[in-house]
Amino acid sequence: MKNIFSCLFLVFTFSYGLQAQLNDYKYIIVPKIFKGFKEENQYKTSTLLKHLFTKKGFEAYYEDELPSDLNANRCLGLLVQLNHKTSMFLTKASIILEDCNSKEIYTSLEGSSKEKDYISSYKEAIELAFASISALPYTYNPVQNKSVTANATIPKAEEKSAPPVTTAEPTPVPVQENLKQSEIAANPKTVAVENTEVVAATLSTLAKTSEPHVLYAQQITNGYQLVDSTPKIRLKIYSTSVPEVYIGANDKGNGIVYKRGSQWYFEYYVSDKLEIEELVIKF
């Protein structure tokens, strides 16, 4: 039980800490050509990322079409970088957000696709990677004295960069590096155990939004799709580095799916209000 609460506390701590970081930034800057590509908007990656961030609530602009305040102060925005690799059978992608000093603020979970068409495979991989960003509430909260420093630059992709790798499948980047849990606290496990009562109290006071129905897990890339007896897909869940904790996404919202005791729960935000659903999952 302590391990379950420890995992939940780390996920909550990480999520709210990251949310606070993202809330500091008003804009998202999207390059028209990413490293590793030869053409602008290759495989429609730039338009897709701009659309996803705009849908999330950010003000997203291409790097050569910045508004006047962002053009004067690049530290108001985060630059999108796309880490992508392809092999003969698999496309992988993760999304990196950098501040005006090229410091990584966030790296998403890695999405992957087995689609043969590059446009389709990049779309699926990027959307899966973006699920970890969608799961976080975002509201711009201006920070005083956020200004350009001497090192504030926005690097551009090389005009003649190497084409995507098409040889052996690369080794996946461990998700643990994305979470950077060591930065949450000097001894995160100790902190987690000490706060289990707080987590338990919070969960016990949340209202359930619906009665649980049996959902059957069907394996997909990076996780499972949960279907009912119709069958209809009710929820997709994507694996994280924490056992029995997933990122969940459906038409209601994006959030986290986790197991407490013998019960599964899906938590997500609707208009800044936290909702919780009980789930019955058959794997």
Problem - Within the range 99-111, tally of residues that are under 23 Å from SER241 (Cβ atoms), modelled with pLDDT of 90 or more and buried (at least 19 other Cβ atoms within 10 Å of the Cβ) - result: 0
Exercise for the section: Could you please find all residues in the range 215-237 being outside any strand (DSSP E or B) and in contact with a helix residue (DSSP H, G or I) (Cβ under 9 Å, 6 or more places away or on another chain)? Expected result: THR221, ASN222
Exercise for the section: For the range 238-253, name all the residues that are in a strand (DSSP E or B) and farther than 16 Å from GLU275 by Cβ. Expected result: TYR238, SER239, VAL245, TYR246
Handout entry: Filter pass, LEU90 being under 16 Å from the mean Cα position of the chain (by Cα) and at pLDDT 70 or above
Key = no
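Conditions tested, residue by residue: (1) over 30 Å from TYR246 (Cα atoms); (2) modelled with pLDDT under 50.
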site	(1), (2)
ALA129	no, no
VAL143	yes, no
LYS146	yes, no
SER161	yes, yes
ALA168	no, yes
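The values are calculated or read from the model by the stated rules, or taken from the named source; none is laboratory data. No experiment lies behind these values; they were computed from the predicted model shown. Positions of Cβ are backbone-derived with ideal geometry, glycine not excepted, and every protein chain shown enters the neighbour counts.
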